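Asks: Have a look at this one.
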Amino acid sequence: ARSGPPASPIAEQARTAPDLAALRAGVAACTACGLCATRTQTVFADGSGSARVLFVGEAPGAEEDRTGVPFVGRAGQLLTDIIVKGMRLERADVAIVNVLKCRPPENRDPTPEEKALCTPWLERQIELFDPKVIVALGRHAANFMLGTDGLAMGRLRGRVHRHAGRTIVPTFHPAYLLRSPGEKQACWQDIKLALAELAKGE
Ligand code: URA
Ligand code: SF4
């Protein structure tokens, strides 16, 4: 038995999903928060995760809501470049997910309640993908993955964190890098930390 805040309606379903296909089906039917009313479809994940690295973004945008695939818009193209040109991995071999599975209207920030309701899905995704390294993209994902609250990216990035049995490398969100290309160098430093973790014990 777990103590703490009351479980969300989907927590038990998420915790007991036997595999990613079952989890995906659960997400597709989820109506736990109000975002179910405005989404076109849920956005579950992309990639097999065989490269043992999981990228966690914030929430689907317009293109993702339309296609059902995370990180396919302009920020997604930059993430793909980081994976393919920077890390020399195939996009199909990493795993890519978001904290929220449904698009917030007008791309507003997710509310604390929406995040609390949706994160059982993410927690089970992490267990099932079981990555060696998690790259947290932007401050929403980074604070969630590290169990912190509202810390700025400058306080979080630039080093490898161990939290709740996981290895986490926070870095800038690609949408932020599109607005602030001067930070791409710092992002690349973070990605090199992630690559070094991936290479450990190989
Ligand atoms: N930004 C995100 O955080 N996730 C996406 O899937 C697309 C843009
Ligand atoms: Fe369910 Fe998450 Fe979508 Fe809300 S955002 S309806 S909790 S899948």
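The values are calculated or read from the model by the stated rules, or taken from the named source; none is laboratory data. This one's a predicted model, so the numbers in the text were calculated from it and none came from an experiment. Don't worry about glycine lacking a Cβ; one is built from the backbone with ideal geometry, like all the others, and counts go over all protein chains shown.
Asks: Please state which one of Asp19, Asp81 is modelled with pLDDT of 95 or more, more than 11 Å from ligand 2 (Cβ to nearest atom), more than 21 Å from Ala141 (Cβ to Cβ) and among the acidic types (Asp, Glu).
Replies: Asp19
Asks: Next up: Would you mind finding the one in Gly86, Gly57 that is more than 18 Å from the chain's Cα centre (by Cα) and surrounded by 13 or more Cβ atoms within 10 Å (Cβ to Cβ)?
Replies: Gly86
Asks: Within the bounds of the range 84-98, is there any residue that is within 16 Å of ligand 1 (Cβ to nearest atom) and part of a loop (DSSP other than H, G, I, E, B)?
Replies: Yes; the residues of the range 84-98 include at least one that is within 16 Å of ligand 1 (Cβ to nearest atom) and part of a loop (DSSP other than H, G, I, E, B).
Table: residues versus (1) in contact with a Leu (Cβ under 8 Å, 6 or more places away or on another chain); (2) closer than 23 Å to Ala75 by Cα; (3) surrounded by fewer than 21 Cβ atoms within 10 Å (Cβ to Cβ).
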| position | (1), (2), (3) |
| --- | --- |
| Arg108 | no, yes, yes |
| Thr111 | no, yes, yes |
| Glu127 | no, no, yes |
| Leu137 | yes, yes, no |
| Gly147 | no, no, yes |
| Gly165 | no, no, yes |
| Val169 | yes, yes, no |
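Asks: If Ala75 satisfies all but one of (1) within 16 Å of ligand 2 (Cβ to nearest atom); (2) part of a helix (DSSP H, G or I), what's the number of the condition it fails?
Replies: (1)
Asks: Just one of Val94, Val69 is crowded, with 20+ Cβ neighbours inside 10 Å, more than 14 Å from ligand 2 (Cβ to nearest atom) and either over 20 Å from Ala14 (Cβ atoms) or among the hydrophobic types (A, V, I, L, M, F, W, C) (or both); which is it?
Replies: Exactly one residue qualifies, and that residue is Val94.
Asks: Exactly one of these conditions fails for Pro9: (1) of a type outside the set (D, E, K, R); (2) over 15 Å from the mean Cα position of the chain (by Cα); (3) within 9 Å of ligand 1 (Cβ to nearest atom). Give me its number.
Replies: (3)
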